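Here's the structure we're looking at; comments come further down.
The values are calculated or read from the model by the stated rules, or taken from the named source; none is laboratory data. Bear in mind the structure is a predicted one, so any value in this text is a computation, not a measurement. Here the Cβ positions follow ideal geometry from the backbone for every residue, glycine too, while neighbour counts run over all protein chains shown.
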Ligand code: F6R
């Protein structure tokens, strides 16, 4: 059942290239510069006409939601807020007709997300779902939605469901752009092409598994770890930190890299490793100077960098090189080494990665 893998989590990490292909299957046509998103096809006018969107979710699905905000704002130019379902539901939230609420849930059963969706619906918002479990309560109660088709996720720590959610959000964002007469149609075909190239690149990253294990061997006894990234990779930093704390019980925090100097830098010494997502994009130089600041305080740095980057190896202690891709698709790649790093550190510490203490796969109580 684990397909030759030692744990479900590892199996599910390795399934990601094929899961990404499944999410895209039958939905992406580069040739026609078109997307066929069955579940939302009939609601595109509502989505495009939204005053604003509000994404509600918990945990890892909330991280996917943050990436969704960046994607929808960049490609569709619609204002998107992201909130924890548990905060939204108790806040007397401002939401109503004209708003599109997107709830994201792997299980489709998370109590807070379900309650938040009911409030949004009651107040007249259009509610769309992105769920993995077919026929789940959230999937049934939303007005319409999209399934992620990641297959059953057994490991408590979410991995393949997250990447499937991000692929779904990417497709939605591009679909909304396609209908906007003010934006050119040419570029969307490039985006679709780039999307189709991601699964092969993810496979390439999985081949680094042994290298990542050997990096984990130098850090398994850390007590605190910081994760830093910017832009599309800021939510990935949060997700990397969440994976590590869930399964290895090491205290970890994710931050936008630029926030480092506003507080977290005080934590840095030779005992607090810092994981930087430092791919070559428009903020690369700035991240590089953050790395230098950490190094000058004797911090140990693990960097996720772009293949062919010759500079970073001189300042980071360990570098994991990943293939180049459009910035908006990078989270699908940068998250993979972070999942593997958390996995190996946790197994080296003897933790039960598939069933971490105190956690349940589906949080049906608040
Ligand atoms: C993290 C994790 C949790 C879930 C959260 C939401 O690895 O699994 O943080 O992401 O409980 O669950 P769903 O997506 O089922 O609503």
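What are the residues in region 71-84 that are touching a strand residue (DSSP E or B) at 6+ places or on another chain (Cβ under 8 Å) and away from the ligand (no atom under 16 Å from the Cβ), if any? Spell out the reasoning first.
We begin by selecting, within region 71-84, every residue touching a strand residue (DSSP E or B) at 6+ places or on another chain (Cβ under 8 Å); these are 72-73, 78-84.
Of everything in region 71-84, those that are touching a strand residue (DSSP E or B) at 6+ places or on another chain (Cβ under 8 Å) and away from the ligand (no atom under 16 Å from the Cβ) turn out to be 72, 73, 78, 79, 80, 81.
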- Query: How many residues does region 312-366 contain that are in contact with a strand residue (DSSP E or B) (Cβ under 7 Å, 6 or more places away or on another chain) and free of Cβ contacts under 8 Å to residues at least 12 places away in the same chain?
  - Reply: 1
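Would you mind finding the one in 187, 194 that is assigned to a helix (DSSP H, G or I), over 13 Å from residue 336 (Cβ atoms) and modelled with pLDDT under 90?
Working: 194 fails: modelled with pLDDT under 90.
The unique qualifying residue is 187.
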- Every listed condition ((1) under 30 Å from residue 210 (Cα atoms); (2) within 14 Å of the ligand (Cβ to nearest atom)) holds for residue 68 save (1)
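Can you tell me which residues in region 47-61 are assigned to a strand (DSSP E or B) and crowded, with 22+ Cβ neighbours inside 10 Å? Step through it out loud before you land on a result.
Step one: filter region 47-61 for residues assigned to a strand (DSSP E or B), giving 52-57.
53, 54, 55, 56, 57 - these are the residues of region 47-61 that are assigned to a strand (DSSP E or B) and crowded, with 22+ Cβ neighbours inside 10 Å.
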- Query: In region 205-233, what residues are in contact with a strand residue (DSSP E or B) (Cβ under 8 Å, 6 or more places away or on another chain), farther than 19 Å from residue 272 by Cβ and part of a helix (DSSP H, G or I)?
  - Reply: 205, 211, 212, 233
- If only one of 226, 206, 213 is modelled with pLDDT of 95 or more and over 23 Å from residue 271 (Cα atoms), which one is it? 206
- Message: With the requirement that a residue be on the phi > 0 side of the Ramachandran plot and either more than 12 Å from the ligand (Cβ to nearest atom) or surrounded by fewer than 21 Cβ atoms within 10 Å (Cβ to Cβ) (or both), what does region 101-144 give you?
- Response: 124, 135
- If residue 87 satisfies every condition in (1) in contact with a strand residue (DSSP E or B) (Cβ under 6 Å, 6 or more places away or on another chain); (2) within 16 Å of the ligand (Cβ to nearest atom) but one, which is the exception? (1)
- Note on the structure: Condition set closer than 22 Å to residue 36 by Cα and surrounded by fewer than 24 Cβ atoms within 10 Å (Cβ to Cβ), scope region 150-171, selection nearest to the ligand (Cβ to nearest atom): answer is 151
- Does region 141-156 contain at least one residue that is in a helix (DSSP H, G or I) and modelled with pLDDT of 95 or more? yes
- Message: Looking at (1) part of a loop (DSSP other than H, G, I, E, B); (2) within 16 Å of the ligand (Cβ to nearest atom), which one does residue 26 not meet, given that it meets all the others?
- Response: (2)
